[in-house]
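Rule-based calculations on the coordinates, nothing more; no lab input. Predicted model, so just to flag it, every value in this text is computed and none were measured. Quick reminder, even Gly has a Cβ in these numbers, built from the backbone with ideal geometry, and neighbours come from all protein chains shown.
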Amino acid sequence: MNLSSESGTVFIVDDDASFLKSVSRLLRATGYNVLTFDSANKFLEQLVPEMSGCVLADLQMPGMNGLELQEALAKSANPLPVVFLSGRGDIPTTVQAMRRGAEDFLTKLSPKEKLLDAISRALTRGAQERKERGRLEELRGRFDGLTARELEVLEHVMRGELNKQIGDDLGINERTVKLHRTNLTRRLQVRSVAELTRLVEAAGLFTRTPK
């Protein structure tokens, strides 16, 4: 069974060479595609937006530790889900990691079933989040094609203003406003103000202002 083609790669980051070897062997035997790194910095150097999967990271590592890696991932263009493994339980650190969005926090002595379950959940979550990011990029791409004036008109439409009000505010005639609104619906592929509003909300553009 090869799980990698559907779910992506498990990126293992750990400075313990023997553990890195044993856990990667387990995951490959289960059917996962695996890449290993002995430091967080080496992994981040290889991270690109096209990489899909999840990160299995040690908490304590020389240089950048696991929490710092998690923070760096969250700020990157590819915020892969993280499953933490630690040599010992640490409740405050566990809470901190989970609050930052870690999928799970396990000790290295946890049963392999718990590890495999956590990885499965992280890969599923990663695929869903990647799909959602792709959807948002596609939506925002539609808005990127609008002119500055069309963005101004859109902003006023979202306020519920009528064409005459928009024209007065922007210093243009009502017919020009209608033309811009027609262009908006055509370029954004919507047919009504309600549909336009849902599109703006879905794209997270409430506060977008024209330049």
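Hand me the trypsin sites (Lys or Arg not before Pro) from region 61-125 located in a DSSP loop with no more than 15 other Cβ atoms within 10 Å, in residue order please. In loop regions of region 61-125 (DSSP not H, G, I, E or B), the sparsely surrounded trypsin sites (Lys or Arg not before Pro) are Arg88, Arg100. Size of region 122-211 from its Cα atoms: along the principal axes, largest to smallest, the extents are 54, 24, 21 Å.
For the chain, the longest principal axis of the Cα atoms and the long axis of helix 66-75 meet at an angle of about 20 degrees.
Of all lysines in the structure, the ones whose alpha carbon falls short of 20 Å from that of Lys112, not counting any fewer than 8 places away in one chain, are Lys21.
Would you please report the Å³ per residue occupied by the convex hull of the alpha carbon atoms in region 1-122?
On the way: hull volume 11.3 nm³, N = 122.
It is 93 Å³ per residue.
Once the Cα atoms are used to define both axes, helix 148-158 deviates from the longest principal axis of the chain by about 90 degrees.
For the pair Phe19 and Arg175, the difference between a 0.36 nm per residue extended length and the Cα-Cα distance amounts to 49.1 nm.
Taking Cα atoms only, the orientation of helix 193-202 departs from the longest principal axis of the chain by about 30 degrees.
By a straight-distance test (C-alpha under 12 Å), which aspartates and glutamates pair with Lys108 as possible cross-link partners, with residues fewer than eight away in the same chain excluded? Here the aspartates and glutamates satisfying the reach criterion relative to Lys108 are Asp14, Asp16, Asp58. Once C-alpha pairs closer than 8 Å and six or more residues apart are averaged by separation and normalised to the residue number of region 4-134, the relative contact order reads 24 percent.
Could the peptides 63-69, 80-86 be put in order, highest first, of the mean number of other beta-carbon atoms found within 10 Å of their residues?
Details: 63-69: 17.7, 80-86: 24.0.
Top to bottom by mean Cβ count within 10 Å: 80-86, 63-69.
Do the sum for the chain: with -39,500 (n - 2.57) for every DSSP H run of n ≥ 4, divided by all residues, what is the mean residue ellipticity at 222 nm, to the nearest 500 deg cm²/dmol? Could the numbers behind the result be given before it?
Working: 10 runs with 121 residues, N = 211.
Calculated from helices alone, the mean residue ellipticity at 222 nm is -18000 deg cm²/dmol.
For Lys75, a cut-off of 22 angstrom between C-alpha atoms picks up these lysines, skipping any fewer than 8 places away in its own chain: Lys42, Lys131. Under 5 Å between amide hydrogens, built in the peptide plane, is the criterion, and for Gly53 it picks out Thr9 among residues at least 5 positions away or on other chains.
Taking the inverse of the mean 1/r over every pair of distinct Cα atoms in region 74-146 gives a Kirkwood hydrodynamic radius of 14.1 Å.
With the Cα gyration tensor of region 6-77 in hand, convert its eigenvalues to equivalent ellipsoid semi-axes via √(5λ) and list them largest first in whole Å. Write down the numbers at each step before the final one.
Details: eigenvalues 71, 54, 14 Å².
So the equivalent ellipsoid measures 19, 16, 8 Å along its semi-axes.
For the chain, the alpha carbon positions stretch 73, 37, 27 Å along the principal axes, listed from largest to smallest.
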